[in-house]
1. Need one number: nm distance between label points at Thr311 and Asp198, each 7 Å from Cα along Cα→Cβ, rounded to one decimal.
2. Out of the trypsin sites (Lys or Arg not before Pro) in segment 173-224, which ones are loop residues according to DSSP with at most 15 other C-beta atoms within 10 Å?
3. On a full-extension model of 0.36 nm per residue, what is the gain between Glu166 and Ala260, subtracting their alpha-carbon distance, rounded to one decimal in nm?
4. Using each residue's phi in segment 208-224, evaluate 6.51 cos²θ - 1.76 cosθ + 1.60 at θ = phi - 60° and report the 3J(HN,Hα) Karplus result to the nearest Hz, with x for Gly and Pro.
5. For Thr292 and Thr243, what is the calculated FRET efficiency with R₀ set at 22 Å and r taken between the beta-carbons, to the nearest 0.05?
6. With each label point set 7 Å from Cα along the Cα-Cβ vector, what nm distance links Asn318 and Ala95?
7. Mind jotting down the three principal axis lengths of segment 191-251 based on Cα atoms? Whole angstrom, largest first.
8. At a 10 angstrom cut-off on C-beta neighbours, averaged per residue, how do the peptides 295-301, 223-229, 144-150 rank from highest to lowest?
Amino acid sequence: MFLIMSIHKTTSLKRISIIFRYSLVSVAAVGLVFGATSTATASSPVDADSQAKTALKNLGLYTAPLDGVEDSPGDGVNVARVDSAKGLVVPSGSASGDMTLKPAGVGETSRISSGISTYKVDNSYSYVLTDASSGANAGYSIINSSSAPTNYRYQIDVGDKPAILELTSEGSVLVKDASGVVVNVLAPAWAKDALGTDLKSSYTVDGNIVTQTVNHKGATYPVVADPRAACDWLYCTAEFNKTETDAIATNAWGWTGILAGGCTVIAGPVGGTACGIGGAIWATTANIAKSTGQCMGLRMGRPGGPFFGITAFPVVYNGNNCY
């Protein structure tokens, strides 16, 4: 199951991803349309923007607002957006201000087009941020060759002040404002290579810097690693994969534990909210998802948001976490 901040999407339990969606945060992608390769040509020039778009499109994670039409960052107060200086800006609903996430130490220069911001470091890797207009609010580390590093650093602020980051025993990261109030969560780290193979990945935190370590030795490139934010302006969502969805649909042994785990991932860090996991609605929704080749997620109101405190409810989704 992933944890995602999203109005439309969700995640899987041991691999929780966070996405903000009204403008949503989500991250993940691999593969090039022209074929995955085990090595990259380091000497040839690379258009990082086109390369990133192709990789994301190949996984259904990027859709240009309109073909051939450049898109500028949104300025709606409740809408996540990419910004060349601040990076990914996600409304927190907190008086402390919005949460921002951007590559650390890369500088403020990036290329923004059609809802995507690309930070090219060199031919071996780049960072990409996307907003909801292009499919999801997310951050990606796109690793193109074995010469790329194993550590990828992101700076997180809340209201232009350094965020307080806390690594949990589950591998997720709590994002707090300067007063210690949780405003978001990063799901446990994950990474995939171009063949969709899961790679070992984890987080460490130091101040307001979260570092994702990716073991990509022997991988088929490109590899995509994904730190995700778990809540948007309205909701926080936990996404279950197809195996978990099937267990809930068939009332298999342990299905209540799957739901409870999703509830804990969301409600535990950010505040107790009734999950209400009993009742036929969960199995019914899971069966609808299963019959249409999709997955089920668990959603509840964002802490401090207009729907905070409502009982969690099921949703059907389809995306990278539905495998």
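1. In this crude spin-label approximation the distance works out to 3.2 nm.
2. In loop regions of segment 173-224 (DSSP not H, G, I, E or B), the sparsely surrounded trypsin sites (Lys or Arg not before Pro) are Lys200, Lys217.
3. 31.6 nm
4. So the Karplus estimates, Gly and Pro as x, are 9, 10, 9, 10, 9, 9, 10, 8, 9, 4, x, 6, 9, 8, x, 10, 10 Hz.
5. 0.85
6. About 4.4 nm separates the two model spin labels.
7. The Cα atoms of segment 191-251 stretch 39, 32, 17 Å along the principal axes, largest first.
8. 223-229, 295-301, 144-150
Here, each number is a calculation from the coordinates, and none is a lab measurement. Quantities reported herein were computed from a predicted structural model and do not represent experimental measurements. When we count neighbours, we look across all protein chains shown, and the Cβ atoms used for this are built from the backbone with ideal geometry, even at glycine.
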